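So the structure is just underneath, and the comments pick up after that.
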Amino acid sequence: MSNHCIYFGYMKTVLTVKTDVDVKRDAQKLAKEMGVPLSTIVNAQLKQFVRDRRLEMSAPLIPRPRLIRAIRQARKDILEGKNMSPVFSTADEMDAYLGILPSRGVRVNVRSASTVRK
């Protein structure tokens with residue numbers, strides 16, 4: 001009799017990966033909340049990587065300080081009713097209100113949503 005072990009038709013292996021302690025801890029916590037071992041999540045990602053032959057990664061969108069200031073200012077202006085354009089009934093009304101644009105060498109064609117240089 002041989003000492004071979006067949007485990008669901010394929011062989012398991014150990015993969016050693018270096019990662020940040022916090023990442024591992026948070027991933028284990030989330031996996032536990034989902035009711036699956038972390039190895040299941042890692043295997044699923046590896047299988048998808050092999051199957052799709054691509055890697056999808058995302059990073060949280062973190063606005064720069066300048067954008068944060070601009071957003072805060074816009075919110076303040078909205079609450080105070082400042083720096084707001086009137087409501088337009090027609091594109092011609094808007095074109096008349098934005099009459100400063102042609103003097104800068106740019107004409108906005110609202111109907112086709114394109115910008116045309118003079």
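The values are calculated or read from the model by the stated rules, or taken from the named source; none is laboratory data. From a predicted model like this one, the values you see are computed outputs, not experimental measurements. Backbone-built Cβ (ideal geometry, glycine too); neighbour counts: all protein chains shown.
Points to keep in mind about this one:
- Listed by first and then second residue, the pairs with beta-carbon distance under 7 Å, at least 6 apart or on different chains, first residue in segment 9-31 and surrounded by 10 or more Cβ atoms within 10 Å (Cβ to Cβ), second among the β-branched types (Val, Ile, Thr) and at pLDDT 90 or above, are ALA31/ILE41.
- The number of residues in segment 28-67 that are farther than 20 Å from LEU15 by Cα, of a type in the set (Gly, Ala, Ser) and over 20 Å from the mean Cα position of the chain (by Cα) comes to 1.
- Only one entry of SER85, SER89 meets the criterion of being among the polar types (S, T, N, Q), assigned to a loop (DSSP other than H, G, I, E, B) and in contact with a Phe, Trp or Tyr (Cβ under 8 Å, 6 or more places away or on another chain), and that entry is SER85.
Conditions tested, residue by residue: (1) in a helix (DSSP H, G or I); (2) among the charged types (D, E, K, R); (3) at pLDDT 85 or above.
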position	(1), (2), (3)
LYS12	no, yes, no
ARG25	yes, yes, yes
GLN28	yes, no, yes
ASN43	yes, no, yes
ILE78	yes, no, yes
SER112	no, no, no
